[in-house]
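**Student:** Can you keep this structure in mind? I'll have questions shortly.
The values are calculated or read from the model by the stated rules, or taken from the named source; none is laboratory data. What you see is a predicted model; the values in this text were computed from it and never measured. Neighbour counts run over all protein chains shown; Cβ positions are idealised from the backbone, glycine included. Keep in mind that these areas ignore ligands, DNA and RNA; they rest on the heavy atoms of the full protein, side chains included. Shrake-Rupley method; radii C 1.70, N 1.55, O 1.52, S 1.80 Å.
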Amino acid sequence: MSLSPSNQRAHWGSRIGFILAATGSAVGLGNLWKFPYITWHNNGGAFVLVYLIAVLIIGWPIMMAEILIGRHTQASAVPAFEKLGGKWWSLVGWLGVATGWVILGYYAVIAGWTISSFISCIQWSFTEYQEPAPGAFGEFLSNGPLQLLLSTLFLGATMLIVWRGINKGIERATKVLMPILLAIIGYLVISVLFLPSIGRTFEFLFTPNFAAFPASGVLEAVGHAFFTLSLGMGAMLTYGSYMSRKESIAKSAAMVVLLDSVIALCACIIMFTIIFAAPDVEKTVSGSTIGMLFITVPRLLYTEIPLGSFIAPIFYILVAFAALSSTISLLEVLVALLIDKLKLARAKATLIAGGAVFLISFCCAFSLGGLSFLSDFTFFGEGKEGILSTLDHLAANWMLPVGGLFITLFVGWVLDRKISDAEVGMRNADGSPTIMYNIFRFCLRFTAPVAILAVIIAVIWGKDFS
Ligand code: TRP
């Protein structure tokens with residue numbers, strides 16, 4: 001393990017260590033579950049284009065901003081903001097920790113569904129596919145104790161990895177998980193390339209048709225850029241704090257953004273080609289968010305796709321691995337706070353943080369049945385019933401954009417420019433900033449805050465981005 005001599009803080013063992021861990025954090029249910037769904041509903045092409053622009057001009061600069069705060073202070077979110085901005089700015093760190101706690105609480109429950117899909121696929125692959133009865137998935141969701149069991153398994157696996165620390169836990173796990181994930185995605189993309197419906201997928205994804213593009217899609221794209229890149233709550237900041245001074249922040253961030261976007265697009269290519277292969281596409285795609293990944297895709301894999309019964313279990317392992325490398329980063333934010341602030345040992349910090357998350361997961365597990373005060377809980381109105389949807393709405397539509405706004409404002413307007421200059425580098429031979437650096441500063445100070453404010457204002461007006 002490489003330790004910095006100054007403060008004995010662990011560091012990634014190599015440049016690829018940071019990139020793999022950060023990509024692992026970014027690539028998750030957001031890419032494989034949410035992105036295909038919202039792309040479908042926003043009619044493809046134009047939405048994809050707007051999303052990619054949002055990732056480039058908002059996602060990339062904010063990711064750099066988070067990493068540079070983390071690396072400069074060598075501290076996690078709360079102490080980092082405290083050091084650089086004082087007591088009031090440390091509230092941004094606290095907001096981030098609260099956001100991570102909430103997201104991990106419900107994310108673990110959804111991640112648990114991947115375990116269940118995997119088990120079903122194994123059964124189907126070894127025996128024979130049996131069409132689940134209508135409403136079977138709803139019944140599964142309302143089985144509170146089962147939901148709790150699955151999410152606890154997932155949380156337990158996350159805790160084990162985080163417990164083992166930066167190098168032996170997170171870095172080693174992501175070094176194994178990410179290549180497997182990339183290999184499985186590559187295999188799936190290649191196998192769908194041979195389906196006749198591939199042409200329709202490419203047309204759908206890459207021919208922008210602005211006439212069929214709902215205006216709300218712009219804001220949806222911005223909101224999703226935050227979630228999918230793990231921005232707005234200090235996850236990348238915390239991972240940045242383990243980055244060595246030798247690495248280039250701009251290049252590492254660009255790599256993570258690129259990999260995340262490519263994987264999200266691959267997920268669309270895989271899913272849409274399977275869906276377009278069905279005889280009656282419109283009927284096939286379930287209307288619910290949950291439907292596409294957990295109902296439609298397995299059915300089509302087994303009934304329409306050559307070698308589908310071989311691919312299906314692999315596909316759900318992929319989704320589970322992707323979710324796991326994301327939950328690791330969410331838990332690490334809480335654990336790093338307890339270690340930095342309360343000087344707890346990592347083992348103790350992991351237990352306390354895991355216990356705190358369990359409380360939320362418990363409520364979310366019973367969110368769709370079992371305990372009526374949890375399933376009936378409504379704060380945001382229709383369509384957001386139940387504690388799980390309420391927390392998802394709260395975190396994705398309020399907490400992340402607000403956190404992200406403060407992060408850009410802080411680095412763009414409050415933090416001494418010399419710090420950002422020194423951390424980011426990007427100088428020409430004569431010492432002047434490169435064009436890319438100037439673009440980064442401009443996006444950070446103007447483009448990103450204005451776009452995020454637009455999202456927040458739209459949310460206040462009642463538009464839902466979940
Ligand atoms: N980015 C992950 C996904 O796409 C989820 C995630 C992990 C996340 N860490 C985060 C989202 C921090 C917001 C903030 O599934």
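**Student:** What is the calculated FRET efficiency for residue 438 to residue 203, with r their C-beta to C-beta distance and R₀ = 56 Å, to the nearest 0.05? Mind dumping the intermediate values first?
**Tutor:** Working: r = 37 Å, r/R0 = 0.67.
The formula returns an efficiency of 0.90 here.
**Student:** Given a 1.4 angstrom probe, I'd like the percentage of the accessible area of the chain that is carbon and sulfur, rounded to a whole number. Provide the component values of the computation, followed by the final result.
**Tutor:** Details: 12700 of 18340 Å².
For the chain, the apolar C and S fraction of the accessible surface comes to 69 percent.
**Student:** Same structure again: Leaving out ligands and nucleic acids, and using a 1.4 Å probe, what accessible area per residue does the chain come to in Å²?
**Tutor:** Working: 18340 Å² over 466 residues.
With the other protein chains kept in place, the chain gives 39 Å² per residue.
**Student:** While we're looking at this one, here's another question. Which ³J(HN,Hα) values, rounded to whole Hz and listed in residue order, are derived for the stretch 23-39 from phi using the Karplus coefficients 6.51, -1.76 and 1.60 in 6.51 cos²θ - 1.76 cosθ + 1.60 with θ = phi - 60°, glycine and proline given as x?
**Tutor:** 5, x, 5, 5, 7, x, 4, x, 7, 8, 10, 7, 4, x, 5, 6, 5
**Student:** How high is the relative contact order of the chain, given as a whole-number percent (alpha carbon pairs under 8 Å, six or more residues apart)? Show your work: numbers first, answer last.
**Tutor:** Details: 725 pairs, mean separation 150.3, N = 466.
Relative contact order for the chain comes out at 32 percent.
**Student:** List the pairs from 83/175; 246/343; 168/246; 175/418; 175/251 whose alpha-carbon separation is above 30 Å, in the order I gave them. Display every interim value, and only then the final one.
**Tutor:** Numbers: 83/175 32 Å; 246/343 27 Å; 168/246 21 Å; 175/418 34 Å; 175/251 19 Å.
The answer is 83/175; 175/418.
**Student:** A further question follows. Report, in degrees rounded to the nearest 10, the 0 to 90 angle that the Cα long axis of helix 60-73 makes with the longest principal axis of the chain.
**Tutor:** 50 degrees
**Student:** Rounded if a/c is under 1.5, else prolate if a/b beats b/c, else oblate: with a ≥ b ≥ c from the C-alpha gyration tensor eigenvalues square-rooted, which is the chain?
**Tutor:** Values: a/c = 1.57, a/b = 1.36, b/c = 1.16.
It is prolate, given that a/c is not under 1.5 and a/b is the larger ratio.
**Student:** For the stretch 100-237, rounded, prolate or oblate, judged on the Cα gyration tensor with a ≥ b ≥ c (square roots of eigenvalues), a/c < 1.5 rounded, else prolate if a/b > b/c? Walk me through the numbers on the way to the answer.
**Tutor:** Values: a/c = 1.44, a/b = 1.15, b/c = 1.26.
Rounded.
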